[in-house]
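Worksheet: the structure to be examined is printed underneath.
The values are calculated or read from the model by the stated rules, or taken from the named source; none is laboratory data. Note that the structure is a prediction, hence the values are computed from the model and not measured. So basically every Cβ, Gly included, is an ideal-geometry build from the backbone, and we count neighbours across all protein chains shown.
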């Protein structure tokens with residue numbers, strides 16, 4: 001009985017060699033030289049051309065005007081932020097933060113974020129520095 005148990009253990013521990021053979025892929029037709037199809041046209045979305053109307057030119061002008069307005073607002077807010085670091089930090093700081101948020105929401109991400117940051121820093125620095133001034 002003991003010999004059977006030892007024999008079964010040896011059978012379990014013996015490793016079997018597995019030989020892997022390369023398989024030909026059915027889902028990869030470019031390997032077969034008889035396939036000459038091109039698949040890009042079936043996979044790509046259909047070509048849609050936008051229709052131009054008379055109103056589209058006025059819309060472009062309006063968005064260009066809005067873009068320049070928000071750009072100017074971003075620079076004004078950045079100016080308030082820089083000024084608020086030196087003069088009237090409790091007044092100009094929050095103004096810079098609010099104008100910076102407006103410019104950020106209108107698309108001027110960099111100038112708006114800088115203006116918000118400078119405005120918040122100057123307003124907070126006012127509260128930190130005020131005990132030393134009095």
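Tabulated values for the structure
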| item | result |
| --- | --- |
| Total residues in segment 87-110, condition buried (at least 22 other Cβ atoms within 10 Å of the Cβ) and assigned to a helix (DSSP H, G or I) | 8 |
| Odd one out for residue 124 among (1) more than 25 Å from the chain's Cα centre (by Cα); (2) at pLDDT 90 or above; (3) surrounded by 13 or more Cβ atoms within 10 Å (Cβ to Cβ) | (3) |
| Long-range neighbours under 9 Å by Cβ, at least six apart or interchain, first residue closer than 9 Å to residue 81 by Cα within segment 108-134, second exposed (fewer than 11 other Cβ atoms within 10 Å of the Cβ) and at pLDDT 85 or above | 122/86 |
